[in-house]
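What follows is calculated from the coordinates using simple rules that are stated; it is not laboratory data. These numbers were taken from a predicted model, which means no experiment stands behind them. Don't worry about glycine lacking a Cβ; one is built from the backbone with ideal geometry, like all the others, and counts go over all protein chains shown.
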Amino acid sequence: MGRNLQTGGQLRPIDLARGHGLSTQAVRNYEEAGILPAADRTAHGYRTYTPLHARALAAFLALVPGHGHPTATAIMRAVNAGALEEAFRFVDESHARLLEDRRTLQAVERALHDLTAATASEPARPGTSGNTGAGIGNGTAPPRGGGVFIGPLASRLGIRPATLRAWERAGLARPRRDPVTGYRVYDEADVRDVRLVHQLRRGGYLLEQIAPLIAQVRAAGGLEPLAGALGDWHGRLSARGRALLSGAAELEAYLRERG
């Protein structure tokens with residue numbers, strides 16, 4: 001970084017570190033990573049920083065909460081290399097991910113609403129209890145240990161068994177095998193998952209977009225715990241949005257000071 005881009009006053013590594021609760025080694029590491037512009041050296045080889053470096057450090061630390069450490073690093077490297085279009089692309093990608101996460105949340109809420117309504121309105125079927133079901137054909141007993149075979153479940157959803165098998169290959173369903181017949185058996189959690197997949201597929205979502213949602217449902221322990229976590233999900237997305245705004249403000253201040 002040339003001196004014409006630096007504004008008056010020399011700062012030691014400890015001066016930069018102290019204001020942000022960092023170690024001087026962390027400041028040196030940030031410089032070596034390209035997050036900070038290259039520092040000048042004294043006649044004895046000591047680094048000297050300027051208010052411009054302090055502004056760069058503030059920008060990086062403000063970018064991290066919204067973009068994450070790797071992307072914030074990439075943004076600062078690009079800026080310091082003069083590759084502003086590349087830096088802006090990284091910024092845009094983070095905003096695009098946030099928008100996609102918001103859309104996923106909206107899809108989850110719609111799917112949960114539709115799934116709850118469909119489950120409440122679905123009449124009990126002969127030979128079933130809750131999410132259990134009859135056998136796959138005439139004269140076939142229900143699965144041992146409860147659950148529903150693939151045929152009746154596909155019929156209930158209005159899809160083909162081949163579709164359920166495709167969802168299983170994509171990791172969206174994990175049916176067990178009946179020890180007697182070898183047929184796929186969908187337990188209560190499996191039925192929950194395929195109902196949710198079905199709702200989202202009807203909404204136009206791709207299997208690779210649905211997979212993270214199913215993982216969320218499983219991690220939460222079901223639809224009800226997930227529904228209870230939606231408020232926290234909204235809060236996290238809002239926090240990311242505000243963090244992106246804060247990071248943008250500090251980055252703009254750094255860009256102005258660089259000239």
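Some observations on this one:
- In this simple spin-label model, placing a label point 7 Å from the Cα along the Cα-to-Cβ direction at both GLU109 and ALA215 gives a separation of 2.3 nm.
- You can think of it this way: the chain between GLU224 and LEU207 has 3.9 nm of extra reach, that is 0.36 nm per residue less the Cα-Cα gap.
- Extension reserve of the GLU252-ASP15 stretch, reckoned as 0.36 nm per residue once the Cα distance is removed: 83.1 nm
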